[in-house]
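Below is one structure, written out as structure tokens; the observations come after it.
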Amino acid sequence: VEARVTPRRIRRALRRLVDQLPRGRGMSEVRITAEGDRVVVRDGQTAWQPDSGQLLLDFSVAELATRAAPVARRLARDARRAEEALSADHWFALGLDLEAAAPDDARDAYRRALELDPSRIDARLNLGRLLHLSGRVAEAEAHYRAVLAGPAPSPTAAFNLGTALEDQGRSAEAIVAYRDAIAADASFADAHFNLARLYERTGRRAAAIRHFRAYRDLTR
């Protein structure tokens, strides 16, 4: 597939990736590729779009995950039984390894990382995303709000909160969340798009046009 990623989108994705990687892990340790019009990061069997935080699971990875699931679950079970207590970093890394093959165990790993270090934004965002994907939207919302209550702005948490609120039919609150995401990062194209869509749905045509234009300019 021919890559059609704009330099601006690449720069935005790389900025977000710095915040998404575990502490002590550099960008040189993951594989960054352009696939069509999107930037994709691959870390082992896990792939995601850094500009939106969306986890990707294509057919080949899904098939591999199905085959790897028993091994992944055994790995998680052994970690829980380990005589030597694992650190928050180890539980987080295990969560990353388990996401594709054993998402339930990945959620447990992220929870354990947070029990040891409640300040880990990366673990909280990943846990919220997995809860959201499994349909436990209210629980995901709580984790996104916990990140946003911290001292550092998180456009990803605000955007994810917006999607969680939308999924619960709370469009007015979702608009506020998407606006917060844009306030934290004006180049967050997907937040502009979702905000424009909600504005259009609620009859605020001028605002919708403004954000559709912003989305178009950012992704052109």
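Rounded to 0.05, the FRET efficiency of the residue 204 and residue 145 pair, given R0 = 35 Å and the Cβ-Cβ distance, is 0.90.
The length gained by stretching the chain between residue 138 and residue 33 to full extension, at 0.36 nm per residue less their Cα-Cα distance, is 34.5 nm.
Each value in this text was obtained by applying a stated rule to the coordinates, not by laboratory testing. Keep in mind that this is a model prediction, so the values were computed, not measured. Note: ideal-geometry Cβ built from the backbone for every residue, glycine included; neighbour counts use all protein chains shown.
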